[in-house]
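Trainee: Mind having a look at this structure? Questions to follow.
The values are calculated or read from the model by the stated rules, or taken from the named source; none is laboratory data. These figures come from a predicted structure and were not determined experimentally. So basically every Cβ, Gly included, is an ideal-geometry build from the backbone, and we count neighbours across all protein chains shown. Protein only, heavy atoms only, side chains kept; ligands, DNA and RNA dropped before computing areas. Shrake-Rupley method; radii C 1.70, N 1.55, O 1.52, S 1.80 Å.
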Amino acid sequence: MKPTIQLQSPQLEFRGALVQQLREVSKKLGLSIATIHSAVAHLDLFMDAHRLRSDRLTHVALACLSLAAKSDVKFSLAPTLKTLSKASGVQLCGNTFRQLEWMVGQHVRWRLLAPTPVTFASLLAQYVVTDSDLTTRHPKFVRRFRRDGIKLLEAYLDLTLSDVRLKVVDSVEVGCACVSCARAELGLSAWPDYLADVAGKTNETIAPIARLLHRMMQIKSRETTECEVDQGYSSARTTPNITPSTSPQYHITSNYPQNISNISYYQNQTDYRLYRASRLIEASVEPSTSMAVKRIRDQSELELDRKRYRVAISQAVQ
């Protein structure tokens, strides 16, 4: 029987930041997505039953990740205390950290290999793209199509960590919904009859969870697109409605000296060295006071870009 998670946990507001931190640490250490899911499952159970200090939440999350890594991978390959501390940027005390690991293990009754959505999704991963779904037998197409299916499955499995409401749903249903969403993204039948027979779950059971995951993925994709667009001045989320034409610290006047040096343009030499080391300025370039002018590209440059694009596409297909 799956333990019940109370969604009214007083520390629920910290969960998103902790999960994201576990993602980043796992990426640095090369841990699998199964390890992350196990760590988050331990974290949810432990945080729901304990009221922790805000400055200890990260230590508990890392302890859960350490236990999950020791149970999912070979024990000798599990990250050490020094490795975890370096990857997370958090100073860890050996005795305190081992006590945290013991407390988490005792709370979950040492069921460190409890099934997660990744457990069931990995069993059904071979059905994301089957031979009957292929329209051609070209080896390159088959490899790319199967690779895209696995990437989509991992993306949806990672998405399930973001919403704590999915933790009260059976792991097998969440894993099946991820497989269904991956197939739907590829333009295949989301949950055919043979998959329902293999998994023992009907389409009526999987469809509501799959629709929820699909909406979550759409929101995530929309937010990612907005963040990419906001690199300039087009988004109203982070930029003001009226962009000032000059910096608030350095106003350009009519008697602006033309022979000003790079160092005197900044407040002090420390700022100048910092910006130069960060490659934000070049030592040989004087600060420009002219307005930006849109550069018009001639036909030869456009044709060259088209040729480069065709070569890149041909290399990617090969």
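Trainee: How many of the residues in the range 65-87 are open to solvent by 10 Å² or more (accessible area, probe 1.4 Å), in contact (Cβ under 8 Å) with a residue 12 or more places away in the chain and either more than 17 Å from R109 (Cα to Cα) or not assigned by the TED database to the domain that holds H37 (or both)?
Mentor: Of the residues in that region, 6 qualify.
Trainee: Here is a follow-up. When the range 92-117 is examined, which residues are found to be touching an Asp or Glu at 6+ places or on another chain (Cβ under 9 Å) and open to solvent by less than 20 Å² (accessible area, probe 1.4 Å)?
Mentor: Result: P117, single match.
Trainee: For a quick check of your reading: which helices (runs of 4 or more DSSP H) sit entirely within the range 55-171 and have at least 2 residues that are in contact with a Phe, Trp or Tyr (Cβ under 7 Å, 6 or more places away or on another chain)?
Mentor: Fully inside the range 55-171 and qualifying: 57-72, 94-107.
Trainee: Report, ordered by the first and then the second residue, all pairs with beta carbons closer than 6 Å, sequence separation of six or more or different chains, a first member in the range 185-199 that is touching a residue at least 24 places away in the same chain (Cβ under 8 Å), and a second member that is of a type outside the set (A, V, I, L, M) and assigned to a helix (DSSP H, G or I).
Mentor: L186/G149; L188/D133; L195/Y127; A199/C176
Trainee: Kindly indicate whether F120 is buried (at least 17 other Cβ atoms within 10 Å of the Cβ) and under 28 Å from P192 (Cα atoms).
Mentor: yes
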